[in-house]
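Bear in mind these aren't lab numbers, they're just calculated from the coordinates by the rules spelled out. Bear in mind that the values here come from a model prediction, so they are computed numbers and not experimental data. Cβ: placed from backbone, ideal geometry, glycine included. Neighbour counts: every protein chain shown.
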Amino acid sequence: FRQARREAAAGPVRTRDGHPLRLLANLACAEEAEGAFRAGAQGVGLLRTELLFLDRREAPSVAAQAEAYGRVLRAADGRPVVLRLLDAGGDKPLPFLPLPREANPFLGRRGVRWYPQHAGLVRAQVAAALGAGPGELRLMVPMVADPEELAWVRALVAEEAARLGRPAPPVGMMVEVPAAALNLRAFGAADFFSVGTNDLLQYLFAEDRNEPALARRDRAWHPAALRVLAGLVRDAAALGKEVSLCGELASDPRLLPLLAGLGFRSLSVAPAALPALAEAAARLELPACRTLADQALEADGPGAVEALLEAFVPAAP
Ligand code: PEP
Ligand code: MG
């Protein structure tokens, strides 16, 4: 990162005992970018690009995409922007993308899985992103389960960069398929990781993320989930790669001590959640957070973790 200066300008977020915590923004569209930086974002941890495509009968042109991505890069003004390549399928069908009917779309061809059949669309998106600069662009691949899927995208990005005579940006991946989460060390080719707990929890607990009858907030602090998260931090560190967390659970300030204690130093959340998180971070001391996380990892159910969270008293501001 070439961002120390930028963070200083945005006001770095530190725990009470002085450890930096990077708070990034999740954006659903380019129009949200300026507001996110006004709210204190230190970068964009997840630019969901689906919205640009959602209401269209045809794919947007390379120029239209480049304009949208350029707007985010301009607002970021040198801070990093993680652009997630198309994550269609599952809960995000695209009208112009003729994905086959499937009995279980969440277990079907979603995310990176359909890229080889629609390589032109992916290539156009990568070309638009590469042409949108200047800025600290990074590309992120959704729904990766196997290293081959990441390798396929990396090769395409390298080809497009060579064709356009531009440097290839870092290419990272969402960690949202349990098999990838439990086998992170096979993904040394990734430049960075971002944990998508919305899907990771859905697949870990075999519960549709959009089914109200199954909605249980306490999945976020279930020891089974926490053990997977702890393993991710450990394995990313072993690979020397940065790991961020961009699922919805990161926006709950109550969970911040737990996430910090597990070792997360970078979170990406909806812009509206940034100020409360920054405030909560300023009250944390890492040794107490680590103790909390260690105890939670030993718990036998979410109820016991919830009791630990309730008993946890952050330091005075
Ligand atoms: C996730 O899966 O946690 C995530 C951040 O991506 P999305 O919600 O867009 O699937
Ligand atoms: Mg996801």
Tally the DSSP beta bridges in the chain and give the antiparallel ones as a percent, rounded to 5.
-> 5
Run the quick spin-label model on Arg14 and Ala213: label points 7 Å from Cα toward the beta carbon, then report their separation in nm to one decimal.
-> 5.2
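Magnitude of the Cβ-charge dipole of the chain, K/R +1 and D/E -1, about the Cα centre, nearest 20 debye?
Values: 36 positive and 37 negative charges, 167 e Å.
The calculation lands at about 800 debye.
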Beta carbons within 10 angstrom, averaged per residue: use that to sort the peptides 288-299, 154-165, 171-182, highest first.
-> 171-182, 288-299, 154-165
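How do Glu279, Glu242, Glu149 line up, fewest other C-beta atoms within 10 Å first? Provide the component values of the computation, followed by the final result.
Numbers: Glu279 14, Glu242 18, Glu149 22.
Ordered by Cβ neighbours within 10 Å, fewest first: Glu279, Glu242, Glu149.
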At 7 Å along the Cα-to-beta-carbon direction for both Ala186 and Ala64, put a label point, then send me their distance in nm to one decimal.
-> 3.8
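Take the alpha carbon gyration tensor of segment 3-145, find the square roots of its eigenvalues, order them as a ≥ b ≥ c, and report rounded if a/c is under 1.5; if not, report prolate when a/b exceeds b/c, else oblate.
Details: a/c = 2.54, a/b = 1.76, b/c = 1.44.
Here segment 3-145 falls in the prolate category.
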Around Met173, what is the net charge, scoring Lys/Arg as +1 and Asp/Glu as -1 over all other residues with Cβ under 14 Å from its Cβ?
-> -3
Take peptides 229-236, 270-277, 43-50 and line them up by average Cβ neighbours within 10 Å, highest first, as a rough protection proxy.
-> 43-50, 229-236, 270-277
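Would you calculate, for the chain, the mean residue ellipticity at 222 nm contributed by helices, counting each DSSP H stretch of 4 or more residues as -39,500 (n - 2.57) and dividing by all residues, to the nearest 500?
Values: 13 runs with 131 residues, N = 317.
When only DSSP H runs of four or more count, the value is -12000 deg cm²/dmol.
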Compute the long axis of helix 223-239 from its Cα atoms, compare it with the longest principal axis of the Cα atoms of the chain, and write down the angle in degrees, 0 to 90, nearest 10.
-> 60
Report, to the nearest 10°, how far helix 147-164 tilts away from the longest principal axis of the Cα atoms in the chain, using its own Cα long axis and a range of 0 to 90°.
-> 50
For the chain, built as a Gaussian network whose Cα springs stay under 10 Å, the top-fluctuating residue of Ala215, Ala260, Ala28 | Ala215
Taking only Cα atoms, what is the 0 to 90° angle, nearest 10, from helix 119-130's long axis to the longest principal axis of the chain?
-> 70
What does the charge add up to near Ala206, with Lys and Arg as +1, Asp and Glu as -1, over the other residues with Cβ less than 15 Å from its Cβ?
-> -2
Can you give the extra length, in nm with one decimal, that the chain gains between Ala162 and Arg254 once fully stretched, where that is 0.36 nm per residue apart less the Cα-Cα distance?
-> 28.5 nm
Based on the inverse mean of 1/r over its pairs of different Cα atoms, what is the Kirkwood hydrodynamic radius of segment 115-216, in Å?
-> 14.9
